[in-house]
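Worksheet for the structure shown next.
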């Protein structure tokens, strides 16, 4: 009983820390606005997170594989074992009570206590790591796309001009960029080096982008990411940036920059999209610049369509706008036809089911951290782009 009480006390202390820190993180922005003091989450992000990233990422960067991916697989295995043990215990209790006998102890009870204790510790440690390596970041001050202009609502005409600029730029770059005999854009650089150098060019404007950058790791289970329409993700437990190695090559530059920006404090998806775009278009490499424009083209195009689709003459209006070329549409694919076919033919679970499950989980996670629009927050990169080009295009 004393040993059990010790475990309960330890888990209770860890969960109390998680609760208190999360409460203060949620009220951090309010305290800053109300009392005119700095949001402590901003201070934590600027001063503590660089140390955490440097330590965690330097250690995990030694490994040639993604430790976060391994831990995720182990979590599934442990969860399955625990579920089996719990189900076995429930069946045992029901069986014993039918016979009007109390369930006996023994090995089953020992295993149950072991996994219950282990599970409690694992969940507590995961919550602590997630709190200090991730959750606090969701309460930092939001990024502004252009500090030199006032915050305002942008018109449909301004959105139209932004879309036209993006489409025309992509169409022109698609013509000029070097290609191989198959028509694919040619890249001869190092994604890790180019992404890091591109992000560092923004460090004067966004100081958090200074510091250590690990290499982005390609995930072994990239087929599952293909089914979920995911380009990559960052792992707070190990401070690793990960990517889907099966996606079409022009997705890599922005994905690398996006996931690495998460490690440097830009946890919101729209902000990571924006930082990735800005970094890529600042690159000296033509492939990287083109990939940067492609990374936001769909967001801007979809936002413009959504703004005029209710109009009676929608088709007429849209037909007069610059058309996205066939080359750009080809380059803007998530997967090549060959990879898509391979993924679908070897899929164990239907891709639509995988995508729906993933979207539901990501949406719930974002909303739980105060991102009110969940998955739709990715689209808000258009707002940041409208701010960025304010004074240039309109």
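Restricting attention to region 258-313, the residues being over 26 Å from residue 238 (Cβ atoms) and either assigned to a helix (DSSP H, G or I) or not assigned by TED's automatic domain parsing to the domain that holds residue 190 (or both) number 25.
Against the test of being modelled with pLDDT of 95 or more and either farther than 17 Å from residue 247 by Cα or surrounded by 12 or more Cβ atoms within 10 Å (Cβ to Cβ) (or both), the options 367, 356, 327 yield a single qualifying residue, 327. Being more than 23 Å from residue 129 (Cβ to Cβ), out of contact with any helix residue (DSSP H, G or I) (no Cβ under 8 Å at 6 or more places or on another chain) and crowded, with 17+ Cβ neighbours inside 10 Å holds for only one residue in 182, 251, 197, and it is 197. Against the test of being without any contact (Cβ under 8 Å) to a residue 24 or more places away in the chain and surrounded by 12 or more Cβ atoms within 10 Å (Cβ to Cβ), the options 78, 71, 67, 19 yield a single qualifying residue, 19.
Taking region 129-186 as the range and being more than 30 Å from residue 367 (Cα to Cα) and assigned to a loop (DSSP other than H, G, I, E, B) as the test, the residues that pass are 148, 177, 178, 180, 181, 182, 183, 184, 186.
The values are calculated or read from the model by the stated rules, or taken from the named source; none is laboratory data. Predicted model only: the values in this text are computed from it and were never measured. No Cβ is skipped: glycine too gets one built from the backbone with ideal geometry, and neighbour counts run over all protein chains shown.
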